[in-house]
Amino acid sequence: AQSVTQLGSHVSVSEGALVLLRCNYSSSVPPYLFWYVQYPNQGLQLLLKYTSAATLVKGINGFEAEFKKSETSFHLTKPSAHMSDAAEYFCAVSESGNTPLVFGKGTRLSVIA
Amino acid sequence: GAVVSQHPSWVICKSGTSVKIECRSLDFQATTMFWYRQFPKQSLMLMATSNEGSKATYEQGVEKDKFLINHASLTLSTLTVTSAHPEDSSFYICSARDWGTLEGLGYTFGSGTRLTVV
């Protein structure tokens, strides 16, 4: 069965600092991996996705993630945090692209001025 | 891009009444819709998967008679919480596979419905 582990339920960074949100996955087949952001009382917005093409994936708002098969990781990064990045971030995995997404527990990102 | 419109955004209902939540795919055909439930400060838990024209598949532990899902058309899926009780209060989110859109492989989410049962 597929699963996702997000290390760190809460990450706090200073404005302008590097953002690193960790995600490790478990899957019996090459996975499809996603990062979503959720603002309070809102749905999920797709940041980026990995679908077996380039291992370094660039997303919206300056975020990117690198798929590392040897480490079963798909960490999310952003070079310089902005106050508007404060939100909940979810990593998710799908094995076939037609099965429901399985989500990690989420990481709350706080950005300090 | 692909858009899923979810209504209502929030609803307050009395215990024992039923509430219907609608999700519409606006510019694509949603053959498959997933329904999730999210408790405060927690992740999304899959409740059920619905395919257009067939019965929904519920996850273990989800009461199918309480959470009625209808997916009668390629653009509309509904979740009805029947005989709601305070413990049903939660944030409900739908998600559709957006096949055939420019984005290709993707899952589009509705904006969510905050249900409060009093």
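The values are calculated or read from the model by the stated rules, or taken from the named source; none is laboratory data. Computed from a prediction, not measured in an experiment: that's the story for all the values here. Here Cβ is always computed from backbone atoms with ideal geometry, including for glycine, and neighbour counts include all displayed protein chains.
Can you name the strands (runs of 3 or more DSSP E) wholly within the range A:43-113 that have at least 2 residues being aliphatic (A, V, I, L, M), within 15 Å of the chain's Cα centre (by Cα) and buried (at least 16 other Cβ atoms within 10 Å of the Cβ)?
Details: elements: A:44-50, A:56-58, A:64-68, A:73-78, A:87-94, A:107-112.
Result: A:44-50, A:87-94.
Where residues in the range B:30-57 are among the charged types (D, E, K, R) and under 18 Å from B:Gly110 (Cβ atoms), which of them is modelled with the highest pLDDT? If you could, list the steps in order and put the result at the bottom.
Pass one, the range B:30-57, residues among the charged types (D, E, K, R): B:37, B:41, B:52, B:55.
Filter again for under 18 Å from B:Gly110 (Cβ atoms), leaving B:37, B:52.
Numbers: B:Arg37: 96, B:Glu52: 86.
The extreme case among them is B:Arg37.
Going through A:Thr55, A:Thr51 one at a time, which residue ends up being of a type in the set (S, T, N, Q), free of Cβ contacts under 8 Å to residues at least 40 places away in the same chain and in contact with a strand residue (DSSP E or B) (Cβ under 6 Å, 6 or more places away or on another chain)? Lay out the reasoning, then the answer.
Working: A:Thr51 fails: free of Cβ contacts under 8 Å to residues at least 40 places away in the same chain.
Checking each option against the conditions leaves just A:Thr55.
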Open item on the list: Can you tell me which of (1) closer than 20 Å to B:Tyr107 by Cα; (2) out of contact with any Pro (no Cβ under 8 Å at 6 or more places or on another chain); (3) in contact (Cβ under 8 Å) with a residue 40 or more places away in the chain is the one A:Ser73 doesn't meet?
Closed with: (1)
- [ ] Looking at (1) farther than 17 Å from B:Glu22 by Cβ; (2) within 14 Å of chain A (Cβ to nearest Cβ), find the lone condition where B:Ile69 falls short.
- [x] (1)
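Considering the range A:86-113 alone, what residues qualify as being more than 7 Å from chain B (Cβ to nearest Cβ), of a type in the set (D, E, K, R) and within 18 Å of A:Ser27 (Cα to Cα)? Spell out how you get there, then give the answer.
Quick first cut of the range A:86-113, residues more than 7 Å from chain B (Cβ to nearest Cβ) only: A:86-89, A:91-96, A:99, A:102, A:107-113.
Then drop every residue that is not of a type in the set (D, E, K, R), which leaves A:88, A:95, A:108.
A:Glu95 - this is the single residue of the range A:86-113 that is more than 7 Å from chain B (Cβ to nearest Cβ), of a type in the set (D, E, K, R) and within 18 Å of A:Ser27 (Cα to Cα).
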- [ ] Select from the range B:1-29 the residues that are among the β-branched types (Val, Ile, Thr), under 19 Å from B:Asn70 (Cβ atoms) and part of a loop (DSSP other than H, G, I, E, B) and list them in ascending order.
- [x] B:Thr17
Open item on the list: Just to check your reading of the model, which residue among B:Thr31, B:Thr75, B:Thr49, B:Thr80 is within 14 Å of another protein chain (Cβ to nearest Cβ), touching a Phe, Trp or Tyr at 6+ places or on another chain (Cβ under 9 Å), more than 29 Å from A:Leu7 (Cα to Cα) and touching a residue at least 12 places away in the same chain (Cβ under 8 Å)?
Closed with: B:Thr31
Open item on the list: So, in the range A:1-42, how many residues would count as being closer than 16 Å to A:Gly104 by Cβ, polar (S, T, N, Q), surrounded by 14 or more Cβ atoms within 10 Å (Cβ to Cβ) and within 14 Å of another protein chain (Cβ to nearest Cβ)?
Closed with: 4
- [ ] Check B:Glu103 against each of (1) of a type outside the set (Lys, Arg); (2) farther than 25 Å from A:Phe34 by Cα; (3) at pLDDT below 95 and name the one condition it does not meet.
- [x] (2)
Task: Residue, modelled with the highest pLDDT, within the range B:1-29, restricted to residues that are over 11 Å from the mean Cα position of the chain (by Cα) and buried (at least 18 other Cβ atoms within 10 Å of the Cβ) - done: B:Val19
